[in-house]
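**Student:** This is the structure I have questions about; it appears just below.
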Amino acid sequence: MEGGDHLAHERKKAQFDVEAMKIVWAGSRHAFEVSDRISKLVASDPAFRKDNRPMLSRKELFKNTLRKAAYAWKRIIELRLSEEEASKLRFYVDEPAFTDLHWGMFLPAIKGQGTEEQQQKWLPLAYKMQIIGCYAQTELGHGSNSSKWWPGGLGKISTHAVVYARLITDGQDHGVHGFIVQLRSLDDHSPLPGITVGDIGMKFGNGAYNTMDNGVLRFDHVRIPRDQMLMKVSQVSREGKYSQSNVPRQLVYGTMVFVRQTIVADASCALSRAVCIATRYSAVRRQFGSQNGGPETQVIDYKTQQSRLFPLLASAYAFRFVGEWLKWLYTDVTQRLQANDFSTLPEAHACTAGLKSLTTAATADGIEECRKLCGGHGYLCSSGLPELFAVYVPACTYEGDNTVLLLQVARFLVKTLSQLGSGKQPVGTTAYMGQVEHLMQCHCNVQKAEDWLKPAVILEAFEARSARMSVACAKNLSKFTNPEEGFAELSGDLVEAAIAHCQLIIVSKFIEKLQQDIPGKGVKQQLGVLCNIYALFLLHKHQGDFLSTGCITPKQAYLANEQLRALYSQARPNAIALVDAFNYTDHYLGSILGCYDGNVYPKLYEAAWKDPLNDSVVPDGYREYIWPMLKQQLRTARL
Ligand SMILES: CCCCCCCC/C=C\CCC/C=C/C(=O)SCCNC(=O)CCNC(=O)[C@H](O)C(C)(C)COP(=O)(O)OP(=O)(O)OC[C@H]1O[C@@H](n2cnc3c(N)ncnc32)[C@H](O)[C@@H]1OP(=O)(O)O
Ligand SMILES: Cc1cc2nc3c(=O)[nH]c(=O)nc-3n(C[C@H](O)[C@H](O)[C@H](O)COP(=O)(O)OP(=O)(O)OC[C@H]3O[C@@H](n4cnc5c(N)ncnc54)[C@H](O)[C@@H]3O)c2cc1C
């Protein structure tokens with residue numbers, strides 16, 4: 001079958017209103033309209049072509065990224081795009097660039113940690129791109145006195161950086177503070193005196209994150225003007241006197257709370273993209289196994305394919321909704337901070353750190369699983385999956401290594417439990433700890449598989465598991481005379497308790513989403529199926545935790561799995577429509593396997609001939625290396 005919509009028969013099976021689901025996915029009708037318009041604008045502009053990335057050398061690749069960034073900026077100005085539209089445009093250009101750090105970290109750091117005066121001076125310059133900034137925190141080795149190493153945009157482009165360094169006045173060390181530092185001349189881009197700066201070298205994967213100039217930076221007797229220390233949290237007077245505002249010191253790390261929150265939202269984008277590719281291809285791909293001489297089986301009908309694919313589809317939706325909620329939490333904490341209410345900062349830190357860790361790990365693993373779900377073709381660059389994986393996987397490391405972040409969540413949980421004794425009632429995402437006595441001894445009330453569809457049953461099982469794991473850690477910690485030694489010794493268990501807590505947050509936010517008014521025929525029902533798949537898949541995967549803590553019985557674990565299989569069958573007819581609801585253009589997907597019309601094979605065949613290796617029938621190097629070898633063999637054979 002040439003041309004046409006090869007997935008039309010799949011689209012007809014949908015039991016819900018796909019257009020309404022698109023709005024739920026986008027977050028609002030307005031968000032959908034902006035996203036739809038800007039994605040099509042990018043897709044229709046040949047200047048944003050990206051299929052040639054894996055073929056380019058690092059220098060060509062990087063120059064091409066600079067061209068695209070400059071062109072994107074030109075279009076933003078010409079079209080008078082709003083901040084929201086401009087950020088969507090950069091998103092759909094889909095190429096990591098110095099601009100990510102400029103808009104995503106440099107500007108937020110000044111907004112969050114600069115005084116009013118500092119903001120008035122620096123923000124207009126940055127908004128007009130008259131200066132370009134990056135965020136320089138990480139060091140080559142340990143400590144804050146070696147060389148900065150890794151900051152994106154630093155290597156070749158940034159003119160300025162927010163640099164994190166120790167502040168020492170009168171011989172007294174006041175800890176790490178942020179400073180705005182000019183790195184390069186605004187006339188000829190050469191490094192300013194005392195500054196050594198450059199790119200740190202090629203990274204994982206061809207193309208991929210090599211469009212970014214992650215950099216190294218050293219200072220030799222560089223003087224930073226006093227008023228370039230970011231002074232919202234603490235100040236140094238003209239006389240050199242150090243003082244602190246009446247705010248928590250941790251606000252110095254506020255930019256990370258912001259970025260981790262955006263990384264959670266981004267996880268749903270990356271995972272949904274991989275899932276869209278794997279789902280469409282699984283419906284196109286047929287294998288043996290048909291009965292009565294009918295058409296061969298679509299691989300999406302194999303139960304094994306479903307049990308690998310549908311939990312990822314459900315996770316993409318789950319991460320979308322928890323990302324939405326996290327954005328609300330971040331906005332709420334920001335408003336509270338402005339009113340000098342710092343009470344929810346520890347929770348916002350724990351939630352952003354923990355959810356960043358959980359969603360990026362699941363997304364990186366999920367993209368790789370999607371590659372395998374596409375069989376051999378998933379390994380081709382034209383599937384889009386190798387590059388997506390290579391670009392995405394460092395999210396498990398940047399903005400805090402995932403294990404380090406989970407340990408921070410664990411500290412927060414142990415602290416929350418320890419405060420119960422003093423009568424402090426936990427709120428927000430730890431409110432369930434307030435019922436710890438009930439959760440320690442409750443019994444799961446599941447007798448038949450369908451009982452697992454009750455939100456209250458699922459919630460209680462996840463709350464009990466999380467509470468019991470945290471309490472077990474706290475009890476074990478209390479056996480150590482040195483708490484830090486105990487924390488180090490038990491860190492493996494603490495990480496698992498933190499994971500259980502974060503999974504509970506995601507499940508509970510999905511359930512809360514379903515309590516909202518969701519318009520559109522069948523939309524809520526489909527989301528209900530996905531929510532149950534997500535929760536029961538986690539329960540099945542971590543059944544060791546649920547069983548060993550006595551939250552469920554082996555029979556109940558068996559029933560959960562039985563229910564999960566039934567849910568996969570319910571999701572099956574809707575699978576293609578559920579990925580169509582992401583509303584991704586073929587340009588953004590960047591995948592032959594995932595193209596909207598499902599016309600995969602002719603496109604793969606055609607793309608192969610466009611590979612530079614096929615420019616000539618006889619390759620370069622044949623005469624030099626292969627021909628003499630063949631001749632040599634010929635002579636040997638004749639002897
Ligand atoms: C609109 C468009 C947006 C687009 C956005 C796109 C952005 C681009 C996306 C990706 C590109 C990649 C960019 C990557 C950038 C980076 O990687 S920047 C470097 C980030 N580095 C880290 O994350 C290091 C991880 N380590 C930490 O976070 C550490 O906590 C620390 C900050 C280094 C401090 O360590 P220290 O050992 O000194 O202290 P701790 O014991 O960890 O913490 C002490 C107490 O402070 C609390 N804490 C820690 N961090 C925070 C925080 N961020 N906010 C609030 N509170 C915090 C911690 O809980 C401790 O509290 P306690 O004393 O009560 O226990
Ligand atoms: C693509 C990319 C972009 C980046 N962009 C920026 C940027 O723009 N600006 C910037 O400042 N930085 C940036 N970074 C740096 C990034 O923030 C750090 O790499 C990250 O915070 C991890 O720190 P590390 O590399 O020192 O890892 P390490 O801390 O050396 O981790 C190594 C191993 O040790 C383990 N480990 C470390 N500490 C502990 C502990 N306390 N307990 C138990 N285990 C531990 C970790 O789990 C990990 O397995 C970027 C990194 C990457 C990969």
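Here is a yes/no grid of residues against (1) crowded, with 22+ Cβ neighbours inside 10 Å; (2) charged (D, E, K, R); (3) over 15 Å from D51 (Cβ atoms):
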position: A575; (1), (2), (3): yes, no, yes
position: N583; (1), (2), (3): no, no, yes
position: H587; (1), (2), (3): no, no, no
position: L593; (1), (2), (3): yes, no, no
position: Y596; (1), (2), (3): no, no, yes
position: Y601; (1), (2), (3): no, no, yes
position: Y605; (1), (2), (3): no, no, yes
position: A608; (1), (2), (3): no, no, no
position: D611; (1), (2), (3): no, yes, no
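**Student:** Residues of the range 343-389 being surrounded by 18 or more Cβ atoms within 10 Å (Cβ to Cβ), within 28 Å of S282 (Cβ to Cβ) and of a type in the set (K, R), which ones?
**Tutor:** R371, the sole residue that qualifies.
**Student:** Residue under question is A109, and the condition is that it be within 21 Å of T334 (Cα to Cα), within 12 Å of ligand 2 (Cβ to nearest atom) and among the small types (G, A, S); does it hold?
**Tutor:** Yes; evaluated as a whole, the condition is true for this residue.
**Student:** Could you please tell me which pairs satisfy a Cβ distance under 7 Å, a separation of 6+ or placement on different chains, a first residue in the range 245-259 that is touching a residue at least 24 places away in the same chain (Cβ under 8 Å), and a second residue that is aliphatic (A, V, I, L, M) and not in a helix (DSSP H, G or I)?
**Tutor:** V247/V233; R249/V233; L251/V233; V252/V176; V252/V233
**Student:** Give the range 390-411 a look and list any residue that's buried (at least 23 other Cβ atoms within 10 Å of the Cβ) and over 30 Å from A474 (Cβ atoms), or say none.
**Tutor:** Scanning the range 390-411 gives V391, Y392.
**Student:** Please verify whether the range 161-170 includes one or more residues that are away from ligand 1 (no atom under 16 Å from the Cβ) and touching a residue at least 24 places away in the same chain (Cβ under 8 Å).
**Tutor:** Yes, the conditions are met somewhere in the range 161-170.
**Student:** Residues L407, L380, L413, L417: which one is within 11 Å of ligand 2 (Cβ to nearest atom) and farther than 21 Å from S268 by Cβ?
**Tutor:** Numbers: L380 fails: within 11 Å of ligand 2 (Cβ to nearest atom); L413 fails: within 11 Å of ligand 2 (Cβ to nearest atom); L417 fails: within 11 Å of ligand 2 (Cβ to nearest atom).
After ruling out the rest, the residue left standing is L407.
**Student:** Taking only the range 376-414 into account, find how many residues are more than 9 Å from ligand 1 (Cβ to nearest atom), touching a helix residue (DSSP H, G or I) at 6+ places or on another chain (Cβ under 8 Å) and not aliphatic (A, V, I, L, M).
**Tutor:** The qualifying residues number 14.
**Student:** Filter the range 270-305 down to residues that are in contact with a helix residue (DSSP H, G or I) (Cβ under 8 Å, 6 or more places away or on another chain), away from ligand 2 (no atom under 16 Å from the Cβ) and part of a helix (DSSP H, G or I), then give me how many there are.
**Tutor:** The qualifying residues number 19.
**Student:** I'm told I458 meets every condition in (1) out of contact with any helix residue (DSSP H, G or I) (no Cβ under 8 Å at 6 or more places or on another chain); (2) surrounded by 13 or more Cβ atoms within 10 Å (Cβ to Cβ); (3) of a type outside the set (F, W, Y) except one. Can you identify the failing condition by its number?
**Tutor:** (1)
**Student:** Further question: From the list Y92, Y127, Y135, exactly one residue is in contact with a His (Cβ under 8 Å, 6 or more places away or on another chain), on the phi < 0 side of the Ramachandran plot, modelled with pLDDT of 95 or more and among the hydroxyl-bearing types (S, T, Y). Which is it?
**Tutor:** It is Y92.
**Student:** Return the pair list, or none, for Cβ contacts closer than 8 Å from residues in the range 123-140 that are farther than 13 Å from G104 by Cα to residues that are part of a helix (DSSP H, G or I) and within 13 Å of ligand 2 (Cβ to nearest atom), at least 6 apart or on different chains.
**Tutor:** If the second residue must be part of a helix (DSSP H, G or I) and within 13 Å of ligand 2 (Cβ to nearest atom), the pairs left are M129/H102.
**Student:** Ok, one more. Quick one: I110 ticks every box in (1) over 29 Å from A43 (Cα atoms); (2) part of a loop (DSSP other than H, G, I, E, B) except a single one, so which number is it?
**Tutor:** Going through the list (1) over 29 Å from A43 (Cα atoms); (2) part of a loop (DSSP other than H, G, I, E, B), I110 breaks only (2).
**Student:** Moving on. Pick out the one residue from A47, A70 that is away from ligand 1 (no atom under 13 Å from the Cβ), in a helix (DSSP H, G or I), touching a residue at least 24 places away in the same chain (Cβ under 8 Å) and surrounded by fewer than 19 Cβ atoms within 10 Å (Cβ to Cβ).
**Tutor:** After ruling out the rest, the residue left standing is A47.
**Student:** Within the range 464-471, is even one residue closer than 30 Å to G152 by Cα, out of contact with any Gly (no Cβ under 8 Å at 6 or more places or on another chain) and among the hydroxyl-bearing types (S, T, Y)?
**Tutor:** For the range 464-471, residues closer than 30 Å to G152 by Cα, out of contact with any Gly (no Cβ under 8 Å at 6 or more places or on another chain) and among the hydroxyl-bearing types (S, T, Y): absent.
**Student:** Please find, among G194, G152, G198, G143, the residue that is within 14 Å of ligand 1 (Cβ to nearest atom) and in contact with a strand residue (DSSP E or B) (Cβ under 8 Å, 6 or more places away or on another chain).
**Tutor:** Numbers: G194 fails: within 14 Å of ligand 1 (Cβ to nearest atom); G198 fails: within 14 Å of ligand 1 (Cβ to nearest atom); G143 fails: in contact with a strand residue (DSSP E or B) (Cβ under 8 Å, 6 or more places away or on another chain).
G152 is the lone residue from the list that is within 14 Å of ligand 1 (Cβ to nearest atom) and in contact with a strand residue (DSSP E or B) (Cβ under 8 Å, 6 or more places away or on another chain).
**Student:** Within the range 149-170, how many residues are more than 9 Å from ligand 2 (Cβ to nearest atom), part of a strand (DSSP E or B), more than 15 Å from R184 (Cβ to Cβ) and not aliphatic (A, V, I, L, M)?
**Tutor:** 2
**Student:** So in the range 474-498, with the set limited to residues that are in contact (Cβ under 8 Å) with a residue 24 or more places away in the chain and farther than 15 Å from L439 by Cβ, which one is surrounded by the most Cβ atoms within 10 Å (Cβ to Cβ)?
**Tutor:** If we take residues in the range 474-498 being in contact (Cβ under 8 Å) with a residue 24 or more places away in the chain and farther than 15 Å from L439 by Cβ, then A498 is surrounded by the most Cβ atoms within 10 Å (Cβ to Cβ).
The values are calculated or read from the model by the stated rules, or taken from the named source; none is laboratory data. Being a predicted model, the structure only gives us computed values, none of them experimental. Virtual Cβ from ideal backbone geometry, glycine too; neighbours counted across all protein chains shown.
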